[in-house]
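Since every read-out is calculated from the coordinates, none of them should be taken as a lab result. Here the structure is a predicted model, which is why all the values come from computation and not from measurement. Heads up, the Cβs are rebuilt from the backbone with ideal geometry, glycines too, and the neighbour counts pull from every protein chain shown.
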Ligand SMILES: [Zn+2]
């Protein structure tokens, strides 16, 4: 089964993108084999995330690739960037463009995605902090329970 996503308003990335083919062999589904499995859903979300991040980046690059004088900035090279997201790692080709010399500054390579790209998403950092605090509470409760156990032992 082919899964595609369609971006209607994503600039150069608008259109239909093939995301994933989900197949379960030639025998057909077994009784109770209904819908997506957890693994298939994870793979699908990861594939959609790849397309989504790529479309977001393309929009930003397109908007920032034009100098205020109207000159379209040439791409110098590409670097592969790794981003940790809630739905898995995304590898994004990130361009560097040559700056314009219209304001008599020296030509240099700049990244249109600078300021937007981070090593991990805000949501992932938030979830990691939340899980860490919950883990801390559980550890604290365990320590308190142990202390009560010692207290009970010493009282008997
Ligand atoms: Zn310029």
Checklist entry - Highest GNM mean-square fluctuation, the chain, Cα pairs closer than 10 Å: which of 36, 117, 92? => result 36
Checklist entry - Most fluctuating residue of 143, 58, 109 in a GNM of the chain with Cα springs under 10 Å: which is it? => result 143
Checklist entry - Fully extended, how many nm does the chain gain between residue 71 and residue 9 (0.36 nm per residue separation, minus their Cα-Cα distance)? => result 19.9 nm
Checklist entry - Sorted by average packing, counted as other Cβ atoms within 10 angstrom per residue and highest first, what order do 129-141, 6-18, 45-57 take? => result 45-57, 6-18, 129-141
Item to check | Zone of residue 44's modelled label, taken as backbone nitrogen in the stretch 1-17 under 11 Å from a point 7 Å along Cα→Cβ | outcome: 1-4
Checklist outcome for this item: Expected unfolding gain across residue 123-residue 37 under the 0.36 nm per residue rule, minus the alpha-carbon gap, is 28.5 nm
Checklist outcome for this item: Note on the chain: contact order normalised by length, alpha-carbon pairs under 8 Å, 6 or more apart, percent, works out to 15
Item to check | Cα gyration tensor category, rounded, prolate or oblate, for the chain with a/c compared to 1.5 | outcome: oblate
